[in-house]
Amino acid sequence: MGKPGRTAASQGGRVGNALSGLAVALGCVLFLGGFVWGAVLYQPYTVPTDSMDPTVKAGDRVLAERIDGDEVRRGDVVVFQDSVWSDVPMVKRVVGVGGDKVACCDKQGRLTVNGESVDEPYLKDQGPDSQSPFKETTVPQDKLFLLGDHRIDSVDSRVHLQDGDHGAVARADVNARVDAVAWPMDGFGMLARPGGFAAMPGGISEQGPLRPVAIAT
């Protein structure tokens, strides 16, 4: 006859091993589920130029939330592709939406939207020499007016002001909204939502679900 204590210990060990195996399996399922969730919601993208410096720089690897064009708000940094601009996806900041009157600059060298000066702390440079002036233009409906944060070194809506859409890009051309820099590590982090557009009609977009996705994974 076996000893009762040893038998109980053996059974306890088997139960412990079973629970441990179950925990590992469940962990794998949760990890894979979080990974798949993130892959569905986000796409990685390599920034091609320094036109958005210092927010994102050439060669930065960013995570962009897949969104529809009607979800775009002023201040968003978006990935878009327009055949007039380029045959590759580009990254710019939305500063005007359909119906807005956009111009530059006020006496302090700031952009104006519907006559209101916009505080843009994310720009590469500040002051009257930080961006080239342009006359007021009205953004067509269902279009977006896009500028780079490095205003002196950005090919954006200002270059296309004489086009039929006054430099604007269709909302439908937007593929995603940049939420975070993933690489290099010294630039790692979430992009802040710009407060300068918060008081305007429609407000600004909320942070995407990247944090919950990362926590779940």
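The values are calculated or read from the model by the stated rules, or taken from the named source; none is laboratory data. Since the structure is predicted, the reported quantities are computational estimates derived from the model, not experimental observations. Using ideal geometry, Cβ is built from the backbone for each residue, glycine included, and neighbour counts are taken over all protein chains shown. Surface areas here come from the heavy atoms of the whole protein model, side chains and all, with no ligands, DNA or RNA. Shrake-Rupley method; radii C 1.70, N 1.55, O 1.52, S 1.80 Å.
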*Would you point out the residue of the range 82-105, among those that are modelled with pLDDT of 95 or more and outside any strand (DSSP E or B), that is surrounded by the most Cβ atoms within 10 Å (Cβ to Cβ)?*
Asp100
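Restricted to the range 201-217, and to residues that are open to solvent by 30 Å² or more (accessible area, probe 1.4 Å) and in a loop (DSSP other than H, G, I, E, B), which residue is modelled with the lowest pLDDT?
Among those that are open to solvent by 30 Å² or more (accessible area, probe 1.4 Å) and in a loop (DSSP other than H, G, I, E, B), it is Thr217.
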_One residue is enough: does the range 159-166 have a residue meeting the conditions closer than 21 Å to Val56 by Cβ, in contact with a strand residue (DSSP E or B) (Cβ under 9 Å, 6 or more places away or on another chain) and loosely packed, with under 14 Cβ neighbours inside 10 Å?_
no
*Which of the residues that make up the range 183-200 are assigned to a loop (DSSP other than H, G, I, E, B) and either closer than 15 Å to Val97 by Cβ or open to solvent by 80 Å² or more (accessible area, probe 1.4 Å) (or both)?*
Phe188, Ala192, Pro194, Ala198, Ala199, Met200
_Selected residue (only one of Ala8, Ala64 is open to solvent by 40 Å² or more (accessible area, probe 1.4 Å) and either outside any loop (DSSP other than H, G, I, E, B) or modelled with pLDDT under 90 (or both))_ = Ala8
*asked:* Please go through the range 114-133 and give me each residue that is under 16 Å from Val159 (Cα atoms) and open to solvent by 20 Å² or more (accessible area, probe 1.4 Å), ordered by number.
replied: Ser132, Pro133
